[in-house]
Amino acid sequence: MHLTPRPILLTRHGESIDNVRGRIGGDTVLSEAGELYAKKLAKFMDKRLKNERAASIWTSTLQRTILTAGPIVGLPKIQWRALDEIYVGVCDGMTYEEVKKNMPEEYESREKDKLRYRYPRGESYLDVIQRLEPVIIELERQRAPVVVISHQAVLRALYAYFADRPLKEIPNIEVPLHTIIEIQMGVTGVQEKRYKLM
């Protein structure tokens with residue numbers, strides 16, 4: 001039951017150098033477009049949350065989310081390891097083309113069942129969902145707006161929880177870069193707005 005009407009704003013970090021290169025995992029800095037998004041996000045949040053003294057910003061511990069939150073001033077920032085991107089294990093730093101070429105059986109397994117597929121020495125979507133449990137409990141407890149700056153797999157799982165989407169849909173939910181998904185929770189249920197900043 002979401003009894004306190006308040007928004008939860010979900011956004012991916014600004015485009016990173018690895019996004020540009022098509023590499024998965026990693027912990028690179030933002031590209032020029034990513035830095036521009038961080039500035040636009042700060043302006044947007046300044047307007048959107050100007051009367052919300054108790055709002056907070058939650059990021060992962062990876063530098064691309066911390067750098068995206070950087071230009072936002074006047075709000076507390078909390079880092080959660082549970083908000084880190086799905087851990088891709090031995091595939092860290094590879095492109096999907098390289099995975100397909102060097103590990104065809106892994107590529108096939110992932111294509112068949114993205115939800116349950118676990119990267120070698122890494123995680124599956126189901127692992128991510130499990131580690132997000134304390135974050136979700138804390139989000140439910142909040143009475144003020146929360147801005148979550150995280151990663152695609154993580155935001156898909158959070159979005160699915162609040163939008164009450166079936167488990168099997170999670171790996172295919174669209175969470176584009178440079179877009180804010182605002183989920184308004186209240187007694188009548190959940191409403192959603194999307195803002196494309198670039």
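The values are calculated or read from the model by the stated rules, or taken from the named source; none is laboratory data. None of these values were measured; they are calculated from a predicted model. Here Cβ is always computed from backbone atoms with ideal geometry, including for glycine, and neighbour counts include all displayed protein chains. SASA here: full protein model, heavy atoms, side chains in, ligands and nucleic acids out. Shrake-Rupley method; radii C 1.70, N 1.55, O 1.52, S 1.80 Å.
Cross-link partners for LYS100 among the lysines, with Cα-Cα distance under 27 Å and sequence neighbours closer than 8 places in the same chain left out: LYS112, LYS114, LYS168. At q = 0.10, 0.12 Å⁻¹, what base-10 log of I(q)/I(0) does the Debye formula yield for the chain when every alpha carbon is treated as an equal point scatterer in vacuo? Calculated log10 I(q)/I(0) at the listed q: -0.41, -0.59.
In the chain, what % of DSSP beta bridges are antiparallel (nearest 5)?
On the way: 16 of 28 bridges.
Of the beta bridges lying entirely in the chain, close to 55 percent run antiparallel.
The angle between the Cα long axis of helix 152-163 and the longest principal axis of the Cα atoms of the chain comes to about 50 degrees, rounded to the nearest 10. Distance between Cα centroids, the stretch 64-96 to the stretch 106-154: provide it in whole Å. Between the Cα centre of the stretch 64-96 and that of the stretch 106-154, the gap is 13 Å. Straight Cα distances below 22 angstrom link LYS196 to the lysines LYS39, LYS40, LYS43, LYS47, LYS50, with same-chain residues fewer than 8 positions distant left out. Rolled with a 1.4 Å probe across the full set of protein chains, the surface gives ARG116 an accessible area near 140 Å².
Counting only Cα atoms, I'd like the Rg/Rh figure for the stretch 1-52, Kirkwood definition for Rh.
On the way: Rg = 14.8 Å, Rh = 13.0 Å.
Over the Cα atoms of the stretch 1-52, Rg/Rh equals 1.14.
Once both labels are positioned 7 Å from their Cα atoms along Cα-to-Cβ, the gap between VAL29 and MET198 label points is 1.6 nm.
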